[in-house]
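Taken together, the values in this text are just the output of simple stated rules run on the coordinates, not laboratory data. Quantities reported herein were computed from a predicted structural model and do not represent experimental measurements. So basically every Cβ, Gly included, is an ideal-geometry build from the backbone, and we count neighbours across all protein chains shown.
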């Protein structure tokens, strides 16, 4: 076992062993940006930086997916409530609740 493998969790080693590569939020653009950022690290530290960077990208992607699901639930519940109370244009207003009030304030700051 090399020194690089000693600090990598076993589940991550299994993923790397199968030849799978972690995908982030934007796989095509994200890969080019990460490759450019990894070149800033010294060659001796680059494998560790790649592993940590891939793991961070996966975690952020999972967080954004969870927030997207939460926004959809918020929009659906707002739509049902507006239909129940007879509010005009319930779909438009529920979409605004989901996107403008729930999704953008959190995901917009991460994307920026």
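Quick look at the numbers
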item: Ranked list, fewest to most other Cβ atoms within 10 Å of each Cβ, for 57, 77; result: 77, 57
item: Segment 25-111: relative contact order in percent, alpha carbon pairs under 8 Å with at least 6 residues between; result: 25 percent
item: Cα-based radius of gyration of segment 25-111 once divided by 2.2 N^0.38 Å, which approximates compact folds; result: 1.58
